[in-house]
Amino acid sequence: MKFPGGCYCKKIRYEIELEDADKARTSLCHCKNCKKFTGGPFGVTSKIPKSSYTVTQGKEKITEHEMDNGAGTLLHREFCNECGSPLLEYGANAGDFIYIFYGTLDKPTDLPPKGEFFCSKRDNWMPEIPNIFHKQKIQE
Ligand SMILES: [Zn+2]
Ligand SMILES: [Zn+2]
């Protein structure tokens, strides 16, 4: 199955090829880092194998940014240098996986969330999403 997506200004386009939607793991993250980078109350990303992701258009518009996440892990992020859309991120310990920013998918609801991370940092006005896993931090 193919899951196409791209940035807001449409200069960058990508395609994810997976056996089925279950091969992706979408999750919300309430950590401060995700709030800052996305400008929202939480980040939503879909974890997919690196090999399933191909940029089909606009490679030259991709800016890469790397910074310590505050806990000693180097976090790599890519975004569009024209419109600023975040595209993907992965930590130095992510292995062969990358995390696609959910809203950049053309049809995000094809890959619905399976869990929430850093619930200890959840904004107090936001209720828990039912019937998915909940972790207070990344690892428990
Ligand atoms: Zn763009
Ligand atoms: Zn986070």
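Readers should treat all values here as calculations from the given coordinates under stated rules, not as data from a laboratory. Computed from a predicted model, the values in this text were never measured in an experiment. Cβ placement follows ideal geometry from the backbone for every residue including glycine, while neighbour counts extend to all protein chains displayed.
Once you place label points 7 Å from the Cα toward the Cβ at E128 and F97, how far apart are they in nm?
Here the modelled spin labels are 2.2 nm apart.
Mind checking the dipole of the range 25-66: about its Cα centre, +1 per Lys or Arg Cβ, -1 per Asp or Glu Cβ, Debye to the nearest 20?
Numbers: 8 positive and 3 negative charges, 38 e Å.
It works out to roughly 180 debye.
What percentages, rounded to whole numbers, describe P(r) for the chain computed over all alpha carbon pairs with 5 Å bin width beginning at zero?
Once binned at 5 Å, the Cα pair distances of the chain give 2, 10, 19, 24, 21, 15, 7, 2, 0.
If you average 1/r over every pair of different alpha-carbon atoms in the range 47-110 and take one over that average, what Kirkwood value in Å do you get? It would help to have the intermediate numbers written out before the result.
On the way: mean 1/r = 0.0792 Å⁻¹.
In the range 47-110 this quantity evaluates to 12.6 Å.
What lysines could a cross-link reach from K107, if we take a straight Cα to Cα line under 20 Å and drop same-chain neighbours fewer than 8 places away?
K2, K10, K11, K23, K47, K50
How far, in nm, would the chain grow between Q57 and K114 when pulled straight, counting 0.36 nm per residue and subtracting the alpha carbon separation?
This chain segment gains 17.6 nm when fully extended.
Divide by every residue of the chain the summed helix terms, -39500 (n - 2.57) for each DSSP H run of at least 4, and state the resulting mean residue ellipticity at 222 nm, rounded to the nearest 500 deg cm²/dmol.
After summing the helix terms and dividing by residue count, I get -1000 deg cm²/dmol.
Which of G103, C83, N93 sits farthest toward the positive end of the charge dipole of the range 77-129, with +1 on the Cβ of Lys and Arg and -1 on the Cβ of Asp and Glu?
Sorting the options by dipole projection puts first N93.
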